[in-house]
Every structure is written in structure tokens, then in C-alpha cells.
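Presented below is the structure to which this report refers.
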Protein chains: 2
Amino acid sequence: MCLSTVPKKIMRNIRLKIEYDGTNYKGWQVQNSSKNRTKTYNTIQQEIQTVLSRILQEDVKLIGSGRTDAGVHAKGQVANFKTKSEMPVSRIKRALNSLLPKDIVIISVKQTSPDFHSRFDAASKVYRYQILNSPHSSAFERLYQYHIPYKLDHKLMQRAATLLIGKKDFKSFQAVDKKGRSSIRTIKKLTVKRQGDIINIDIMADGFLYNMVRNIVGTLIEIGRGKFKVEDSRHILDAKDRRKAGPTAPAKGLCLIKVMYK
Amino acid sequence: MCLSTVPKKIMRNIRLKIEYDGTNYKGWQVQNSSKNRTKTYNTIQQEIQTVLSRILQEDVKLIGSGRTDAGVHAKGQVANFKTKSEMPVSRIKRALNSLLPKDIVIISVKQTSPDFHSRFDAASKVYRYQILNSPHSSAFERLYQYHIPYKLDHKLMQRAATLLIGKKDFKSFQAVDKKGRSSIRTIKKLTVKRQGDIINIDIMADGFLYNMVRNIVGTLIEIGRGKFKVEDSRHILDAKDRRKAGPTAPAKGLCLIKVMYK
């Protein structure tokens with residue numbers, strides 16, 4: 001191999017797949033992008049960036065596929081960063097997992113094409129919201145499930161969910177109305193399935209508005225307990241008014257399962 | 001019903017089934033049985049006793065089926081207590097679950113026969129030890145699994161485990177040699193099963209010596225990684241010498257699944 005013809009410090013683009021327990025973090029994104037470098041921000045992105053910079057001995061800017069809120073978890077968050085370092089990806093992975101806190105785990109580290117961008121290239125994402133629908137809660141899943149002691153009718157929830165599938169304006173399910181920004185998204189899949197005491201709500205869309213999943217889940221719960229009717233999910237959608245929808249379901253039940261790329 | 005012939009303050013015997021995440025506790029048992037009532041002991045028994053005494057407005061002495069060590073979990077711990085209170089069991093359950101910390105959950109509260117004793121009457125117990133045998137650990141199960149990155153041969157472990165089944169002297173697997181006390185126990189079942197990256201070691205016995213499960217697991221791990229041979233489990237047993245066995249596996253992988261009564 002004729003190394004002399006290859007620029008020595010070529011920038012590699014590295015893609016990470018990340019799992020995290022979001023309980024102890026203020027979400028994915030570095031807070032405030034403040035200039036105050038001495039302050040530590042307890043976010044997933046910041047934790048990984050700091051450890052990466054230490055391993056690679058250079059400033060690393062980590063790009064995530066998107067934010068997750070405080071307390072939200074991930075099994076398949078995707079992020080990428082550019083580096084001049086020639087360290088093998090297997091060594092980066094090992095170093096990350098040995099230096100990161102135990103509630104953040106790097107599942108894979110791969111070199112990817114130079115133009116891959118984990119946010120802009122994301123075609124869709126899958127979230128799962130998990131409800132424990134039983135008289136008592138679980139000591140082990142208490143941080144990963146929303147415990148609802150009263151009986152939910154998951155079949156009604158599924159029927160209501162079906163009405164939300166497709167390319168629609170989800171303004172009613174958006175926490176904050178960002179002026180001028182479109183609130184149209186495409187929900188490709190939305191299922192409500194019960195397995196014993198557990199109700200899993202799986203949602204796949206090309207993108208999500210702020211708090212959209214948790215507001216949809218909060219609305220489906222109102223339907224499951226009989227407070228709203230099945231068709232109300234369509235009426236709420238049509239109203240384009242956040243006040244019509246159900247409450248925001250707690251963060252802890254939500255998990256980013258997968259990010260899909262073209 | 002002629003109430004006048006029934007003593008008003010008859011003592012009821014109440015049986016609890018309890019689930020707990022042992023991570024934040026110094027085990028089941030109240031530490032030190034010290035007279036110093038002002039000191040709080042961070043144990044499961046103490047937490048439940050304190051809340052019970054508050055609910056029932058009387059001093060409650062909770063008897064567990066047995067101790068679990070610091071960091072050990074339970075899905076089916078059994079305990080009982082006597083009370084003069086006439087509060088319905090459903091109300092006791094509701095009150096307990098609303099006042100206890102979220103890592104302790106009362107699964108059931110039932111009135112039982114006056115002579116039931118959760119420790120003396122226990123015929124056998126089932127523990128599960130869970131190993132995550134994969135290159136990287138799990139952000140979600142990190143407190144409930146022992147992560148081993150090097151490959152374990154679960155079939156060798158199962159063969160070695162079979163040699164430990166039966167009524168035997170488990171002195172080699174006992175942490176502390178309590179003078180004069182018998183170290184003979186009967187292992188009724190001991191299985192090692194792999195499901196993907198997870199290895200479950202299930203053990204049922206009429207009783208367990210201090211650290212017995214964790215010492216057996218530590219020994220089986222040495223066999224699974226090829227450091228000990230399959231037949232060594234019998235040789236270690238025969239030696240009646242703790243120093244011959246493998247190291248004590250960490251507490252966090254261990255969970256008391258079930259207590260069985262005659």
C-alpha cells in the first residue's frame with residue numbers, strides 16, 4: 001500500500017448505535033450550547049462527546065438522529081462524528097464502553113460514508129411506549145414503564161390509533177407551537193398490543209413533533225379508560241388544538257427503538 | 001353474628017408476597033437488632049415494618065422466609081406478621097404500596113392460618129441467577145444481570161451443575177463456616193439455560209447456606225470459561241473446603257423467585 005499518496009489526516013465519519021437508560025439525564029441534547037465550558041451538562045450527548053474527545057485526543061462534535069427528552073430511553077439511538085484519528089473502531093467501542101457510565105452502552109461503532117448525517121438522513125424512527133396495566137407496579141420496571149392501575153381497553157386504543165395513521169397535521173399533539181414550522185408528519189405504523197399486563201404502543205413516523213408520541217399516548221389512554229371515544233382521536237386531529245388532546249404521558253415509558261435510513 | 005362471644009382483639013396472621021429491587025438496600029434483614037431506635041436501617045424488612053406499624057398503628061414484627069443479601073433482588077419473597085388490627089387486607093395492600101418506596105412492591109396480602117411461619121414452614125426456595133454473556137452490557141439490565149463479555153459454554157456448566165443435585169454437604173460453597181451448624185442441604189433442581197445472550201441459572205433447594213448460590217454460580221462460571229473442568233464441581237464438593245470453589249458471583253445477578261410451603 002502506497003501510504004504517501006493518501007493524505008495522512010483524512011477525516012473518517014464514524015457511526016454509533018447507542019442504548020441508554022435516560023432516567024438520570026436531562027435528555028440527549030447538550031443544554032443551552034453555552035460557551036461556559038467548565039459547566040458540565042448531564043446529557044447523553046455531552047457524556048459521549050466528552051469521553052470521545054478524551055479517547056481520540058481531539059474535540060469531537062457528536063450529531064444525534066434527534067433529541068430525546070429528559071427521562072426518555074433509547075435502545076437504538078444513532079449518532080455520528082468526524083475524526084482525524086486512525087484508531088480502529090473496535091478499540092473506540094471498547095474504550096467508550098469502559099469509560100462511559102453504565103447507563104449508556106455503545107452497541108456498535110462503524111466507519112460510514114463521509115456524507116452520512118445521522119439527523120438529516122434519518123428516513124423514519126420507531127418509538128415504543130410501554131404501559132404496565134396491573135393493580136400494582138413493578139419494582140424492576142418502575143423506571144421504564146408507566147403504571148396504570150385502572151383497566152385500559154387496548155382494543156379501543158388500537159382502533160383510535162388507526163385513525164392517526166398517514167400524512168396528517170399533528171398540531172393537536174405538539175407541545176409547543178413553533179411559529180412557521182410545519183406540523184405535518186407521516187405516521188407509517190401505530191399499533192397498540194397487550195401482552196398480559198403490558199401494553200406496548202409502537203409508533204413509526206418520518207419525524208416527530210416535540211412531545212408528539214407522549215401526547216398521542218396520553219390521548220389513547222383517555223380512550224382506553226373510556227373518557228374519550230374512539231372517534232375522538234380524529235376529532236382531536238382535526239381541531240389542530242393541543243388543548244383538545246389528552247395529557248402528556250410521562251417520559252419514563254418512552255423508548256427510541258430504531259432509526260431507519262434510506 | 002354474636003360478636004360478644006368473640007374476643008374483640010383477636011390476632012390475625014397476615015402473609016405478604018413481596019417483590020423488590022435490592023440495589024439500594026443493605027439486604028432483607030434489619031441490621032444489628034440494636035436497641036437504638038433512632039437509627040434507620042436501610043433494609044427491606046425495616047422499610048416494610050416501619051410502614052406497616054404506621055398503617056396499623058401498632059408495633060409490627062415482620063418475619064421473612066429468609067435473608068437476602070445487600071443488592072440481591074426478589075420477585076417472590078414471603079413474609080408474615082401478626083396484628084390486632086381489623087383493617088381489610090385489600091386496604092393494607094393499597095396503603096403499603098402507596099407508602100413504600102417504588103423499589104418495593106407488595107404483590108399480595110392475605111390472611112393465613114394462625115400458626116403459619118414464613119421461615120420455619122418454608123419447604124424450598126427457588127433462586128435465579130442471571131448472566132448477560134455478550135460483548136457489551138445492557139443499560140437497562142445493568143443492576144439485575146452479571147455481565148460477562150468472554151464466551152461461556154453453558155452446556156459444560158449444565159453438566160457440572162447436574163453433579164451438585166441431591167442431598168449433599170455444601171461446605172465448600174458456604175461463605176462462613178458457622179461452627180456446629182450442618183452444611184448439608186438438598187438441591188432439588190439446578191439448571192443452566194441459555195436464551196440468546198442470557199444465561200439463567202435456576203436453583204431450587206430446601207435451604208441455602210450463606211452465599212451458597214453465588215459461590216455455586218462463581219464455580220459454574222469458571223467451568224463455563226474452561227478454567228475448571230466439569231468434574232471439578234464434584235471434586236470441590238468432596239473437598240468440603242471453600243478455597244477450592246470459584247469466586248463469589250456478584251449479588252446483583254441474584255433474585256429470589258419463589259418460596260414454597262408444604
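Values computed for the structure shown
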| quantity | calculated |
| --- | --- |
| Any hit, the stretch B:80-98, residues being closer than 13 Å to B:Tyr25 by Cβ and open to solvent by 10 Å² or more (accessible area, probe 1.4 Å) | no |
| Search result, residues across the stretch A:66-75 that are under 16 Å from A:Phe208 (Cα atoms) and not in a loop (DSSP other than H, G, I, E, B) | A:His73, A:Ala74 |
| Test: residue in the stretch B:115-123 that is over 18 Å from B:Tyr20 (Cβ atoms), at pLDDT 95 or above and within 14 Å of chain A (Cβ to nearest Cβ) | no |
| Set A:Lys168, A:Lys193, A:Lys155: member being in contact (Cβ under 8 Å) with a residue 40 or more places away in the chain, open to solvent by 40 Å² or more (accessible area, probe 1.4 Å) and away from chain B (no Cβ under 14 Å) | A:Lys168 |
| Number of positions in the stretch A:188-213 that are basic (Lys, Arg) and over 21 Å from A:Ser138 (Cα atoms) | 2 |
| Selection count where residues are touching a residue at least 24 places away in the same chain (Cβ under 8 Å) and surrounded by fewer than 17 Cβ atoms within 10 Å (Cβ to Cβ), scope the stretch B:140-152 | 2 |
| Some residue of the stretch A:46-58 being within 14 Å of chain B (Cβ to nearest Cβ), of a type outside the set (Gly, Ala, Ser) and crowded, with 17+ Cβ neighbours inside 10 Å | yes |
| Enumeration of residues in the stretch B:125-137 that are farther than 27 Å from B:Gly66 by Cβ and either open to solvent by 20 Å² or more (accessible area, probe 1.4 Å) or in contact with a helix residue (DSSP H, G or I) (Cβ under 6 Å, 6 or more places away or on another chain) (or both) | B:Pro135, B:His136, B:Ser137 |
| The one condition in (1) away from every other protein chain (no Cβ under 14 Å); (2) touching a Cys at 6+ places or on another chain (Cβ under 9 Å) that B:Arg128 fails to fulfil | (1) |
| B:Thr68 being crowded, with 20+ Cβ neighbours inside 10 Å and either of a type in the set (S, T, N, Q) or modelled with pLDDT of 95 or more (or both) | yes |
| Residue that is nearest to the other protein chains (Cβ to nearest Cβ) [pool: residues in the stretch A:171-181 that are within 25 Å of A:His73 (Cα to Cα) and open to solvent by 10 Å² or more (accessible area, probe 1.4 Å)] | A:Ala175 |
| Evaluation of A:Leu143 against (1) hydrophobic (A, V, I, L, M, F, W, C); (2) farther than 30 Å from B:Ala74 by Cα; (3) within 14 Å of chain B (Cβ to nearest Cβ) (one fails), failing number | (2) |
| Pick from the stretch A:76-113, criterion among the charged types (D, E, K, R) and either assigned to a helix (DSSP H, G or I) or farther than 16 Å from A:Thr43 by Cα (or both), ranking: farthest from the other protein chains (Cβ to nearest Cβ) | A:Lys84 |
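Matching residues to (1) open to solvent by 10 Å² or more (accessible area, probe 1.4 Å); (2) under 24 Å from A:Ser124 (Cβ atoms); (3) free of Cβ contacts under 8 Å to residues at least 12 places away in the same chain:
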position	(1), (2), (3)
A:Asp206	yes, yes, no
A:Val217	no, yes, no
A:Ile223	no, no, no
A:Phe228	yes, no, no
A:Ser233	no, yes, no
A:Asp241	yes, no, no
A:Thr248	yes, yes, no
A:Gly253	no, yes, no
A:Val259	yes, yes, no
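The values are calculated or read from the model by the stated rules, or taken from the named source; none is laboratory data. Note that the structure is predicted; figures quoted are calculated from it, not measured. Note that we place each Cβ from the backbone using ideal geometry, even for glycine, and neighbour counts take in every protein chain shown. Please note that ligands, DNA and RNA were not included when accessible areas were found on the heavy atoms of the full protein model with its side chains. Shrake-Rupley method; radii C 1.70, N 1.55, O 1.52, S 1.80 Å.
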